[in-house]
Amino acid sequence: MKHIIGLVLLGLLCSHAVLAGNVDDTQAEGPSQSGRIINGYQVNIANYKYALSLFIDNRYNCGASIITAMHALTAAHCVLGFAPWRVILYGGSSFLNRPVVRTTVSRIVVHPSYNPSVSKNFDVAVITVPANSFVGKPNMFPIGLQTAQVPTGTICFVVGWGLFDNNIQAPSNSLRYTNVQTVSDASCSATFQQRIMPEQICSINGMNMEVCKGDDGSALVCGGKLTGVVSFGRIPCISNAPVVYAKVMVPSIFNFIRSQARI
């Protein structure tokens, strides 16, 4: 992944998107200690079966996460304004150019309080696919939602296909991983010079591995639970600035997800 960039929604990668099946296949399946998320480790999706790549008009756009047999969670800004027929979810593969399971989308619901012209808050959307689309498929399995408060300083992680080099405006072909640590709202607010809302949570890596454009919609995982959804950060992606996520456990977001996904 890469270091997060200016006060811009990370989902604006579309102009540098990659066509499905057209990325150079240069990496072997499995974990590796080389490469970036920005500079994240390459990992095998077998250990992160909830991870999905989200394509719009056959171009990679964002990450998403399996939360039930027929529902996925992503960032609202990744899918806002797009008809379901334009969106495809791919799962079961570590590589964008080796799709294993292709899933069409039947419904997209953006959080009713999300309004990008006002703020980046409530940046979540639930995607519905045909019944049992994510059941019995290779390397595909739901991740549970976070229900407990996550204290400042908690070690978490993110995986995704976002930019892996600030000088190369293209997503990573291979799934990449970075550890992050949650930081206080006050510290995060100071960086962005805007208030971090109760529906948001921030993290930082600080060791030259960071979430970046194209990782939008991917999951912040703490204690094995989906704790946040990548929303925005700084541009270019830098490891001494935090990333902001939609906070899954707050009732206004948690109840929306549960009502849409029927969980």
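The values are calculated or read from the model by the stated rules, or taken from the named source; none is laboratory data. Remember, predicted model here, so these are calculated numbers, not experimental data. Don't worry about glycine lacking a Cβ; one is built from the backbone with ideal geometry, like all the others, and counts go over all protein chains shown. Side chains are part of the model used for accessible areas, which takes the heavy atoms of the whole protein and leaves out ligands, DNA and RNA. Shrake-Rupley method; radii C 1.70, N 1.55, O 1.52, S 1.80 Å.
Restricting to the range 81-108, name every residue that is among the hydrophobic types (A, V, I, L, M, F, W, C), open to solvent by 60 Å² or more (accessible area, probe 1.4 Å) and more than 12 Å from Asn139 (Cα to Cα).
Trp85, the sole residue that qualifies.
Which members of the range 48-86 meet the condition of being part of a helix (DSSP H, G or I) and closer than 20 Å to Asn121 by Cβ?
Scanning the range 48-86 gives Ala76, His77, Cys78, Val79.
Being in contact with an Asp or Glu (Cβ under 7 Å, 6 or more places away or on another chain), hydroxyl-bearing (Ser, Thr, Tyr) and either in contact (Cβ under 8 Å) with a residue 24 or more places away in the chain or under 22 Å from Ala72 (Cα atoms) (or both) narrows it down to one of Thr191, Thr152, Thr178, Thr182, so name that one.
Thr178
Out of the range 115-137, which residues are surrounded by fewer than 21 Cβ atoms within 10 Å (Cβ to Cβ) and not β-branched (Val, Ile, Thr)?
Asn115, Pro116, Ser117, Ser119, Pro130, Ala131, Asn132, Gly136, Lys137
Examine the range 6-13 for a residue that is at pLDDT 55 or above, open to solvent by less than 50 Å² (accessible area, probe 1.4 Å) and over 16 Å from Asn173 (Cβ atoms), and state whether such a residue exists.
The answer is no; no qualifying residue exists.
When residues of the range 90-121 are filtered for being under 21 Å from Phe232 (Cα atoms) and of a type outside the set (Ser, Thr, Tyr), how many remain?
The qualifying residues number 10.
This table checks each residue for (1) under 18 Å from Asn208 (Cα atoms); (2) of a type outside the set (D, E, K, R); (3) open to solvent by less than 40 Å² (accessible area, probe 1.4 Å).
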residue: Asn139; (1), (2), (3): no, yes, no
residue: Pro142; (1), (2), (3): no, yes, no
residue: Ala148; (1), (2), (3): no, yes, no
residue: Val159; (1), (2), (3): yes, yes, yes
residue: Asp165; (1), (2), (3): yes, no, yes
residue: Gln169; (1), (2), (3): yes, yes, no
residue: Leu175; (1), (2), (3): yes, yes, yes
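If I ask for residues that are open to solvent by less than 30 Å² (accessible area, probe 1.4 Å) and modelled with pLDDT under 95, which ones from the range 37-77 would you list?
Answer for the range 37-77, where residues must be open to solvent by less than 30 Å² (accessible area, probe 1.4 Å) and modelled with pLDDT under 95: Ile37, Ile38, Asn39, Gly40, Gln42.
Could you list, ordered by first residue, the pairs with Cβ atoms under 6 Å in which the first is in the range 113-126 and at positive phi and the second is at pLDDT 95 or above and of a type in the set (Gly, Ala, Ser), at least 6 apart or interchain?
Phe122/Ser113
Could you please find all residues in the range 245-263 being open to solvent by 70 Å² or more (accessible area, probe 1.4 Å), on the phi < 0 side of the Ramachandran plot and not hydroxyl-bearing (Ser, Thr, Tyr)?
Answer for the range 245-263, where residues must be open to solvent by 70 Å² or more (accessible area, probe 1.4 Å), on the phi < 0 side of the Ramachandran plot and not hydroxyl-bearing (Ser, Thr, Tyr): Pro251, Asn255, Arg258, Ile263.
Answer with yes or no whether Thr191 is over 28 Å from Leu96 (Cβ atoms) and in a strand (DSSP E or B).
Against the criterion (over 28 Å from Leu96 (Cβ atoms) and in a strand (DSSP E or B)), Thr191 does not qualify.
For Asn167, all conditions in the list (1) assigned to a helix (DSSP H, G or I); (2) without any contact (Cβ under 8 Å) to a residue 40 or more places away in the chain hold save one; what is the number of the exception?
Asn167 satisfies every listed condition except (1).
Taking the range 189-244, which residues are among the small types (Gly, Ala, Ser) and buried (at least 24 other Cβ atoms within 10 Å of the Cβ)?
Ser203, Gly214, Gly217, Ser218, Ala219, Gly228, Ser231, Gly233
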